[in-house]
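Notes follow the structure.
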Amino acid sequence: MIEAGFFDDPYPVYERLRASPDPLRVEHRQGAYQREFVLFSRYADARAVFSNGESISKDQSVIRPVGELPTPIDLHMLHRDGEDHLRLRRLVSGYFSPAALVGLEATTREVVAAALDSLRYREDVDLVADFAEPIPLEVIARVLGVPFADLPKIRAWTLTLADGFDSFVAVDRDPHLLKTCAEEFFAYLTSLLDDGRYQGEMSLIAHLVSARASGAISAGEALGMTMFLLVAGHETTVSLIGSGLLLLLTHRNQLALLRQDPRLIGSAVEEILRYESPLQRTTFRVATQPLTIGDYQLEPGQQFGVIMGAANRDEAEFPNADRFDIQRSPNRHLAFGGGLHDCLGKHLARLEARIALGMMIDRYPRLQLLSDKPDWRRNSFFRGLKSLPARLGE
(Lines give C-alpha, C1' and ligand atoms only; values in the text may rest on other atoms or scores of the structure.)
Protein backbone atom coordinates (compact mmCIF):
# COMPACT_ATOMS: atom_id res chain seq x y z
CA MET A 1 0.00 0.00 0.00
CA ILE A 2 2.79 2.43 0.82
CA GLU A 3 4.34 3.71 -2.38
CA ALA A 4 6.08 6.84 -3.54
CA GLY A 5 3.86 9.85 -3.01
CA PHE A 6 1.28 7.96 -0.93
CA PHE A 7 1.32 10.37 2.00
CA ASP A 8 1.00 13.37 -0.32
CA ASP A 9 -1.95 11.80 -2.15
CA PRO A 10 -3.28 8.44 -0.93
CA TYR A 11 -6.47 8.58 -2.99
CA PRO A 12 -5.28 6.80 -6.16
CA VAL A 13 -4.24 3.89 -3.91
CA TYR A 14 -7.61 3.97 -2.16
CA GLU A 15 -9.37 3.85 -5.53
CA ARG A 16 -7.50 0.66 -6.44
CA LEU A 17 -8.31 -0.86 -3.05
CA ARG A 18 -12.03 -0.20 -3.51
CA ALA A 19 -11.89 -1.88 -6.92
CA SER A 20 -10.28 -5.02 -5.48
CA PRO A 21 -12.61 -7.92 -4.60
CA ASP A 22 -10.80 -8.49 -1.29
CA PRO A 23 -9.75 -6.19 1.55
CA LEU A 24 -6.12 -5.23 2.00
CA ARG A 25 -4.02 -7.69 3.99
CA VAL A 26 -1.31 -5.99 6.04
CA GLU A 27 1.59 -7.45 8.02
CA HIS A 28 1.86 -6.42 11.67
CA ARG A 29 5.25 -4.85 12.42
CA GLN A 30 4.96 -4.03 16.10
CA GLY A 31 5.07 -7.43 17.77
CA ALA A 32 1.27 -7.60 17.91
CA TYR A 33 -0.76 -10.67 18.80
CA GLN A 34 -1.36 -11.66 15.16
CA ARG A 35 0.79 -11.82 12.07
CA GLU A 36 -1.50 -9.69 9.93
CA PHE A 37 -4.75 -7.73 9.80
CA VAL A 38 -7.12 -6.76 6.99
CA LEU A 39 -8.53 -3.35 6.03
CA PHE A 40 -11.84 -2.66 4.26
CA SER A 41 -12.07 0.37 2.00
CA ARG A 42 -15.53 0.48 0.41
CA TYR A 43 -18.28 2.64 1.92
CA ALA A 44 -20.85 -0.17 2.11
CA ASP A 45 -18.35 -2.46 3.84
CA ALA A 46 -17.46 0.27 6.32
CA ARG A 47 -21.14 0.79 7.15
CA ALA A 48 -21.53 -2.96 7.67
CA VAL A 49 -18.61 -3.01 10.10
CA PHE A 50 -19.83 -0.02 12.10
CA SER A 51 -23.40 -1.31 12.37
CA ASN A 52 -22.44 -4.79 13.62
CA GLY A 53 -22.51 -4.82 17.41
CA GLU A 54 -22.83 -8.59 17.85
CA SER A 55 -20.02 -10.31 15.96
CA ILE A 56 -17.26 -7.75 16.46
CA SER A 57 -15.18 -6.80 19.50
CA LYS A 58 -13.01 -3.75 20.16
CA ASP A 59 -11.42 -5.48 23.17
CA GLN A 60 -8.01 -6.79 22.11
CA SER A 61 -7.88 -9.01 25.19
CA VAL A 62 -9.89 -11.58 23.25
CA ILE A 63 -6.71 -12.39 21.30
CA ARG A 64 -4.15 -11.54 24.00
CA PRO A 65 -2.04 -14.49 25.22
CA VAL A 66 -3.35 -16.04 28.44
CA GLY A 67 -1.77 -14.42 31.49
CA GLU A 68 -0.67 -11.19 29.77
CA LEU A 69 -1.95 -8.20 31.71
CA PRO A 70 -3.69 -5.27 29.97
CA THR A 71 -2.03 -1.87 29.70
CA PRO A 72 -3.86 1.43 30.32
CA ILE A 73 -4.24 1.73 26.54
CA ASP A 74 -6.35 -1.44 26.62
CA LEU A 75 -8.60 -0.06 29.36
CA HIS A 76 -10.15 3.10 27.94
CA MET A 77 -13.63 3.10 26.43
CA LEU A 78 -12.62 2.77 22.77
CA HIS A 79 -11.07 -0.63 23.46
CA ARG A 80 -13.91 -2.03 25.58
CA ASP A 81 -17.16 -3.80 24.79
CA GLY A 82 -20.63 -4.11 26.24
CA GLU A 83 -21.28 -2.89 29.75
CA ASP A 84 -17.67 -1.84 30.35
CA HIS A 85 -17.75 0.37 27.26
CA LEU A 86 -21.10 1.90 28.24
CA ARG A 87 -20.00 2.45 31.84
CA LEU A 88 -16.88 4.36 30.81
CA ARG A 89 -18.59 6.32 28.05
CA ARG A 90 -21.46 7.39 30.31
CA LEU A 91 -18.98 8.45 32.96
CA VAL A 92 -17.58 11.22 30.74
CA SER A 93 -20.32 11.87 28.19
CA GLY A 94 -21.74 14.81 30.13
CA TYR A 95 -18.60 16.82 29.42
CA PHE A 96 -19.36 16.58 25.68
CA SER A 97 -23.15 16.83 25.80
CA PRO A 98 -25.23 19.52 24.01
CA ALA A 99 -25.58 21.35 27.34
CA ALA A 100 -21.81 21.32 27.86
CA LEU A 101 -21.26 22.61 24.31
CA VAL A 102 -23.12 25.80 25.17
CA GLY A 103 -20.36 26.73 27.58
CA LEU A 104 -17.64 25.29 25.36
CA GLU A 105 -18.73 27.51 22.48
CA ALA A 106 -17.93 30.61 24.50
CA THR A 107 -14.66 29.04 25.62
CA THR A 108 -13.72 28.15 22.04
CA ARG A 109 -14.48 31.65 20.76
CA GLU A 110 -12.27 33.06 23.48
CA VAL A 111 -9.43 30.67 22.61
CA VAL A 112 -9.70 31.36 18.87
CA ALA A 113 -9.82 35.13 19.41
CA ALA A 114 -6.66 34.93 21.51
CA ALA A 115 -4.92 32.84 18.82
CA LEU A 116 -5.86 35.38 16.16
CA ASP A 117 -4.72 38.28 18.34
CA SER A 118 -1.33 36.60 18.77
CA LEU A 119 -0.86 36.86 14.98
CA ARG A 120 -1.74 40.55 14.84
CA TYR A 121 1.73 41.96 14.22
CA ARG A 122 3.03 39.17 11.98
CA GLU A 123 3.04 39.01 8.22
CA ASP A 124 3.92 35.35 7.65
CA VAL A 125 2.70 32.50 9.86
CA ASP A 126 2.47 28.73 10.04
CA LEU A 127 -1.26 28.06 10.14
CA VAL A 128 -0.66 24.69 11.80
CA ALA A 129 1.79 25.58 14.57
CA ASP A 130 0.43 29.09 15.14
CA PHE A 131 -3.30 28.42 14.82
CA ALA A 132 -4.60 24.88 14.21
CA GLU A 133 -2.55 23.26 17.00
CA PRO A 134 -3.04 25.62 19.97
CA ILE A 135 -6.83 25.88 19.70
CA PRO A 136 -7.90 22.23 20.25
CA LEU A 137 -5.06 21.72 22.72
CA GLU A 138 -6.18 24.59 24.93
CA VAL A 139 -9.87 23.71 24.68
CA ILE A 140 -9.39 20.08 25.74
CA ALA A 141 -6.92 21.20 28.42
CA ARG A 142 -9.65 23.39 29.90
CA VAL A 143 -12.13 20.50 29.82
CA LEU A 144 -9.75 18.08 31.52
CA GLY A 145 -8.00 20.54 33.82
CA VAL A 146 -4.50 20.22 32.37
CA PRO A 147 -1.91 22.99 32.98
CA PHE A 148 -1.44 25.05 29.81
CA ALA A 149 2.32 25.12 30.37
CA ASP A 150 2.40 21.35 29.78
CA LEU A 151 0.72 21.45 26.36
CA PRO A 152 3.91 21.54 24.23
CA LYS A 153 5.23 18.31 25.74
CA ILE A 154 1.79 16.70 25.54
CA ARG A 155 1.70 17.51 21.83
CA ALA A 156 5.19 16.07 21.35
CA TRP A 157 4.26 12.84 23.15
CA THR A 158 1.08 12.57 21.07
CA LEU A 159 2.89 12.90 17.75
CA THR A 160 5.53 10.32 18.71
CA LEU A 161 2.98 7.77 19.89
CA ALA A 162 0.71 8.36 16.88
CA ASP A 163 3.57 7.42 14.57
CA GLY A 164 4.49 4.43 16.71
CA PHE A 165 1.07 2.80 16.33
CA ASP A 166 1.22 2.90 12.52
CA SER A 167 2.22 -0.50 11.10
CA PHE A 168 2.95 1.03 7.70
CA VAL A 169 5.80 3.17 9.01
CA ALA A 170 6.75 1.34 12.22
CA VAL A 171 9.96 0.01 10.68
CA ASP A 172 11.20 3.60 10.45
CA ARG A 173 10.62 4.37 14.14
CA ASP A 174 12.96 3.86 17.08
CA PRO A 175 11.23 1.34 19.44
CA HIS A 176 13.28 2.60 22.39
CA LEU A 177 12.06 6.16 21.77
CA LEU A 178 8.45 4.95 21.63
CA LYS A 179 8.81 2.99 24.87
CA THR A 180 10.40 5.95 26.64
CA CYS A 181 7.74 8.30 25.31
CA ALA A 182 4.90 6.07 26.57
CA GLU A 183 6.52 5.72 29.99
CA GLU A 184 7.00 9.48 30.32
CA PHE A 185 3.46 10.24 29.20
CA PHE A 186 1.85 7.77 31.59
CA ALA A 187 4.04 8.95 34.47
CA TYR A 188 2.93 12.51 33.78
CA LEU A 189 -0.77 11.53 33.62
CA THR A 190 -0.44 9.51 36.83
CA SER A 191 0.91 12.62 38.56
CA LEU A 192 -2.11 14.62 37.35
CA LEU A 193 -4.54 12.04 38.68
CA ASP A 194 -2.72 11.87 42.02
CA ASP A 195 -2.41 15.65 42.43
CA GLY A 196 -4.88 16.85 45.05
CA ARG A 197 -5.28 20.21 43.33
CA TYR A 198 -7.62 18.63 40.77
CA GLN A 199 -9.92 16.93 43.26
CA GLY A 200 -11.74 20.11 44.23
CA GLU A 201 -12.33 21.35 40.69
CA MET A 202 -15.10 20.69 38.18
CA SER A 203 -12.63 19.41 35.60
CA LEU A 204 -12.93 16.05 33.91
CA ILE A 205 -9.75 14.90 35.69
CA ALA A 206 -11.36 15.74 39.04
CA HIS A 207 -14.38 13.71 37.96
CA LEU A 208 -12.18 10.71 37.10
CA VAL A 209 -10.33 11.03 40.40
CA SER A 210 -13.65 10.97 42.24
CA ALA A 211 -14.85 7.98 40.23
CA ARG A 212 -11.63 6.15 41.03
CA ALA A 213 -12.00 6.88 44.72
CA SER A 214 -15.58 5.59 44.75
CA GLY A 215 -14.66 2.40 42.91
CA ALA A 216 -16.66 3.32 39.78
CA ILE A 217 -13.49 2.83 37.72
CA SER A 218 -10.14 1.23 38.38
CA ALA A 219 -6.85 3.11 38.57
CA GLY A 220 -5.85 1.65 35.19
CA GLU A 221 -9.12 2.75 33.61
CA ALA A 222 -8.74 6.27 35.00
CA LEU A 223 -5.25 6.48 33.54
CA GLY A 224 -6.32 5.05 30.18
CA MET A 225 -9.32 7.35 29.93
CA THR A 226 -7.24 10.43 30.75
CA MET A 227 -4.73 9.55 28.05
CA PHE A 228 -7.42 8.75 25.49
CA LEU A 229 -9.49 11.90 26.08
CA LEU A 230 -6.44 14.15 26.05
CA VAL A 231 -5.04 12.72 22.82
CA ALA A 232 -8.32 12.15 20.97
CA GLY A 233 -9.58 15.49 22.22
CA HIS A 234 -7.09 17.44 20.13
CA GLU A 235 -5.20 15.29 17.60
CA THR A 236 -7.82 14.97 14.85
CA THR A 237 -9.22 18.48 15.39
CA VAL A 238 -5.78 19.97 14.75
CA SER A 239 -5.82 18.14 11.41
CA LEU A 240 -9.42 19.17 10.68
CA ILE A 241 -8.64 22.87 11.10
CA GLY A 242 -5.35 22.68 9.21
CA SER A 243 -6.80 20.70 6.30
CA GLY A 244 -9.80 22.99 6.24
CA LEU A 245 -7.63 26.06 5.77
CA LEU A 246 -5.63 24.30 3.05
CA LEU A 247 -8.75 23.21 1.16
CA LEU A 248 -10.45 26.59 1.31
CA LEU A 249 -7.30 28.45 0.27
CA THR A 250 -6.69 26.09 -2.66
CA HIS A 251 -10.34 26.08 -3.79
CA ARG A 252 -10.94 29.79 -4.09
CA ASN A 253 -14.41 29.33 -5.64
CA GLN A 254 -15.51 27.44 -2.55
CA LEU A 255 -13.97 30.05 -0.28
CA ALA A 256 -15.85 32.73 -2.22
CA LEU A 257 -19.11 30.85 -1.66
CA LEU A 258 -18.41 30.71 2.06
CA ARG A 259 -17.57 34.40 2.23
CA GLN A 260 -20.80 35.21 0.40
CA ASP A 261 -22.84 33.02 2.74
CA PRO A 262 -21.17 32.35 6.12
CA ARG A 263 -24.09 30.05 6.97
CA LEU A 264 -22.36 27.44 4.80
CA ILE A 265 -19.65 26.97 7.43
CA GLY A 266 -21.35 23.89 8.89
CA SER A 267 -21.66 22.25 5.48
CA ALA A 268 -18.08 23.24 4.69
CA VAL A 269 -16.78 21.50 7.83
CA GLU A 270 -18.68 18.32 6.89
CA GLU A 271 -17.09 18.34 3.44
CA ILE A 272 -13.64 18.88 4.91
CA LEU A 273 -14.24 15.89 7.17
CA ARG A 274 -15.20 13.78 4.16
CA TYR A 275 -12.61 15.03 1.69
CA GLU A 276 -9.56 14.89 3.98
CA SER A 277 -10.71 12.67 6.86
CA PRO A 278 -8.46 13.48 9.85
CA LEU A 279 -8.67 9.87 11.04
CA GLN A 280 -7.89 7.84 7.93
CA ARG A 281 -8.47 4.39 9.41
CA THR A 282 -9.93 2.85 12.52
CA THR A 283 -8.25 1.15 15.41
CA PHE A 284 -8.51 -2.63 15.28
CA ARG A 285 -11.58 -4.75 15.69
CA VAL A 286 -11.70 -8.52 16.20
CA ALA A 287 -14.24 -10.93 14.74
CA THR A 288 -15.79 -12.96 17.56
CA GLN A 289 -17.55 -15.41 15.22
CA PRO A 290 -17.59 -16.15 11.48
CA LEU A 291 -18.48 -12.89 9.80
CA THR A 292 -19.01 -11.82 6.19
CA ILE A 293 -18.25 -8.24 5.16
CA GLY A 294 -19.08 -7.71 1.50
CA ASP A 295 -17.88 -10.93 -0.11
CA TYR A 296 -15.08 -11.54 2.37
CA GLN A 297 -15.25 -14.10 5.17
CA LEU A 298 -13.63 -13.16 8.48
CA GLU A 299 -12.74 -15.95 10.87
CA PRO A 300 -13.12 -15.76 14.66
CA GLY A 301 -10.15 -13.99 16.21
CA GLN A 302 -9.17 -12.19 12.99
CA GLN A 303 -8.12 -8.54 13.37
CA PHE A 304 -9.43 -5.97 10.89
CA GLY A 305 -10.21 -2.30 10.40
CA VAL A 306 -11.76 0.27 8.05
CA ILE A 307 -10.03 2.88 5.89
CA MET A 308 -12.40 5.81 6.34
CA GLY A 309 -10.32 7.96 4.03
CA ALA A 310 -11.09 5.49 1.23
CA ALA A 311 -14.76 4.95 2.14
CA ASN A 312 -15.33 8.71 2.16
CA ARG A 313 -14.17 8.96 -1.47
CA ASP A 314 -16.33 6.05 -2.69
CA GLU A 315 -18.22 7.09 -5.85
CA ALA A 316 -20.93 4.56 -4.99
CA GLU A 317 -21.97 6.87 -2.14
CA PHE A 318 -20.53 10.26 -3.13
CA PRO A 319 -21.01 11.38 -6.76
CA ASN A 320 -17.93 13.27 -7.99
CA ALA A 321 -16.21 12.12 -4.82
CA ASP A 322 -12.89 13.74 -5.73
CA ARG A 323 -14.52 17.17 -6.02
CA PHE A 324 -14.41 19.43 -2.96
CA ASP A 325 -17.93 20.85 -2.68
CA ILE A 326 -18.98 22.70 0.48
CA GLN A 327 -22.62 22.50 -0.64
CA ARG A 328 -22.59 18.72 -0.98
CA SER A 329 -25.88 17.19 0.14
CA PRO A 330 -26.43 14.59 1.35
CA ASN A 331 -23.04 14.05 2.94
CA ARG A 332 -23.18 10.87 5.01
CA HIS A 333 -19.44 10.66 5.59
CA LEU A 334 -17.83 8.29 8.07
CA ALA A 335 -15.14 10.58 9.46
CA PHE A 336 -16.34 9.96 13.02
CA GLY A 337 -16.90 6.23 12.58
CA GLY A 338 -20.32 4.92 13.55
CA GLY A 339 -22.31 2.56 15.70
CA LEU A 340 -21.67 2.08 19.40
CA HIS A 341 -18.12 3.42 19.15
CA ASP A 342 -18.80 6.59 17.17
CA CYS A 343 -16.71 9.53 18.27
CA LEU A 344 -17.88 10.98 21.59
CA GLY A 345 -16.22 14.33 20.82
CA LYS A 346 -17.58 14.76 17.29
CA HIS A 347 -19.82 17.72 18.21
CA LEU A 348 -16.97 19.52 19.97
CA ALA A 349 -14.65 18.93 16.99
CA ARG A 350 -17.25 20.36 14.63
CA LEU A 351 -17.82 23.33 16.91
CA GLU A 352 -14.11 24.14 17.14
CA ALA A 353 -13.65 23.84 13.36
CA ARG A 354 -16.64 26.05 12.55
CA ILE A 355 -15.48 28.76 14.91
CA ALA A 356 -11.78 28.59 14.02
CA LEU A 357 -12.28 28.56 10.24
CA GLY A 358 -15.05 31.15 10.31
CA MET A 359 -13.16 33.61 12.48
CA MET A 360 -9.89 33.18 10.56
CA ILE A 361 -11.32 33.87 7.10
CA ASP A 362 -13.34 36.78 8.50
CA ARG A 363 -10.32 38.34 10.24
CA TYR A 364 -7.91 37.86 7.33
CA PRO A 365 -9.73 38.25 3.98
CA ARG A 366 -6.41 38.41 2.07
CA LEU A 367 -4.98 35.23 3.59
CA GLN A 368 -2.91 33.27 1.09
CA LEU A 369 -0.60 30.26 1.10
CA LEU A 370 3.15 30.65 0.60
CA SER A 371 3.66 27.21 -0.94
CA ASP A 372 1.73 25.18 -3.50
CA LYS A 373 3.03 21.86 -2.09
CA PRO A 374 1.28 20.75 1.12
CA ASP A 375 3.57 19.39 3.83
CA TRP A 376 1.69 16.25 4.92
CA ARG A 377 2.62 14.11 7.91
CA ARG A 378 3.89 10.61 7.12
CA ASN A 379 1.20 8.63 8.90
CA SER A 380 -1.50 6.30 7.54
CA PHE A 381 -3.75 6.59 10.61
CA PHE A 382 -3.89 10.38 10.78
CA ARG A 383 -4.14 12.69 7.78
CA GLY A 384 -2.73 16.02 8.85
CA LEU A 385 -0.32 18.73 7.85
CA LYS A 386 3.07 19.23 9.47
CA SER A 387 3.02 22.89 8.51
CA LEU A 388 1.08 25.35 6.37
CA PRO A 389 3.04 28.55 5.64
CA ALA A 390 0.81 31.51 4.84
CA ARG A 391 0.77 35.28 4.50
CA LEU A 392 -1.93 37.04 6.46
CA GLY A 393 -2.18 40.02 4.14
CA GLU A 394 -4.05 42.17 6.64
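The values are calculated or read from the model by the stated rules, or taken from the named source; none is laboratory data. Everything numeric in this text was worked out from a predicted model, so none of it was measured. Positions of Cβ are generated from backbone atoms using ideal geometry, with glycine treated the same way; all protein chains shown enter the neighbour counts.
For segment 80-99, a residue qualifies if it is among the basic types (Lys, Arg), assigned to a helix (DSSP H, G or I) and closer than 11 Å to His341 by Cβ, and exactly one does: Arg89.
From the list Ile73, Ile63, which one is within 28 Å of Pro175 (Cα to Cα), of a type in the set (Val, Ile, Thr) and either at pLDDT 95 or above or more than 22 Å from the chain's Cα centre (by Cα) (or both)? Walk me through it before giving the result.
Values: Ile73 fails: either at pLDDT 95 or above or more than 22 Å from the chain's Cα centre (by Cα) (or both).
The unique qualifying residue is Ile63.
Against the conditions (1) more than 17 Å from the chain's Cα centre (by Cα); (2) within 18 Å of His79 (Cβ to Cβ), Ala321 satisfies every one except (2). Scan segment 285-292 and give yes if some residue there is farther than 30 Å from Arg142 by Cα, under 18 Å from the mean Cα position of the chain (by Cα) and of a type in the set (Lys, Arg), otherwise no. Within segment 285-292 (the criterion being farther than 30 Å from Arg142 by Cα, under 18 Å from the mean Cα position of the chain (by Cα) and of a type in the set (Lys, Arg)), the answer is yes, since at least one residue qualifies.
The set of residues from segment 205-226 being in contact with a Phe, Trp or Tyr (Cβ under 8 Å, 6 or more places away or on another chain), surrounded by 23 or more Cβ atoms within 10 Å (Cβ to Cβ) and not β-branched (Val, Ile, Thr) comprises just one member, Leu223.
Can you confirm whether segment 91-104 contains a residue that is of a type in the set (Val, Ile, Thr), within 24 Å of Gln289 (Cβ to Cβ) and over 20 Å from the mean Cα position of the chain (by Cα)?
Checked against the condition, which is being of a type in the set (Val, Ile, Thr), within 24 Å of Gln289 (Cβ to Cβ) and over 20 Å from the mean Cα position of the chain (by Cα), segment 91-104 yields no hits at all.
Picking from residues in segment 147-169 that are out of contact with any helix residue (DSSP H, G or I) (no Cβ under 7 Å at 6 or more places or on another chain) and of a type in the set (A, V, I, L, M), the one that is farthest from Asp195 (Cα to Cα) is Leu159.
Only one entry in Glu315, Glu276 is of a type in the set (D, E, K, R) and buried (at least 20 other Cβ atoms within 10 Å of the Cβ), namely Glu276.
When segment 282-323 is limited to residues that are of a type in the set (A, V, I, L, M, F, W, C) and assigned to a loop (DSSP other than H, G, I, E, B), the one that is modelled with the lowest pLDDT turns out to be Phe284. The set of residues in segment 337-355 that are surrounded by fewer than 20 Cβ atoms within 10 Å (Cβ to Cβ), outside any helix (DSSP H, G or I) and of a type outside the set (Asp, Glu) comprises Gly337, Gly338, Cys343.
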